[in-house]
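Here is the structure we will look at, set down as structure tokens.
The values are calculated or read from the model by the stated rules, or taken from the named source; none is laboratory data. Just so you know, these numbers come straight off a predicted model, no measurement behind them. For neighbour counting, all protein chains shown are included, and Cβ atoms are generated from backbone atoms with ideal geometry for every residue, glycine included.
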Amino acid sequence: MSSPRFRNVRRFGPVQVASFLARGRNRHLAACTAPRCDFSAEYDSRSAAELAARTHRCKA
């Protein structure tokens, strides 16, 4: 299985939000890039991913 091609990547503080195609459906990913922060989540809508990115607080 090949890795997804991320598109429309935006940064909200330390969190990056990207869109990708999975099983024929658009999916959206929010992932924190801060060291020792393991936050990442997949969403059905872009707005949900961006909201998660804006409200994320790192534990690290």
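What to note about this one:
- Here is the figure for region 32-51: residues that are within 12 Å of Gly13 (Cβ to Cβ), touching a strand residue (DSSP E or B) at 6+ places or on another chain (Cβ under 7 Å) and of a type in the set (A, V, I, L, M, F, W, C) total 2.
- In region 9-25, the residues that are touching a helix residue (DSSP H, G or I) at 6+ places or on another chain (Cβ under 8 Å) and not hydroxyl-bearing (Ser, Thr, Tyr): Arg10, Phe12, Gly13, Val15, Gln16, Val17
Results for (1) surrounded by 15 or more Cβ atoms within 10 Å (Cβ to Cβ); (2) not in a loop (DSSP other than H, G, I, E, B), shown as yes or no for each residue.
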| site | (1), (2) |
| --- | --- |
| Asn8 | no, yes |
| Ala18 | yes, yes |
| Asn26 | no, yes |
| Leu29 | yes, yes |
| Ser47 | no, yes |
| Glu50 | yes, yes |
| Ala53 | yes, yes |
| Arg57 | no, no |
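- Beta carbons closer than 7 Å, at least 6 apart along the sequence or on distinct chains, never pair a first residue in region 22-38 that is aromatic (Phe, Trp, Tyr) with a second that is at pLDDT below 95 and not in a loop (DSSP other than H, G, I, E, B).
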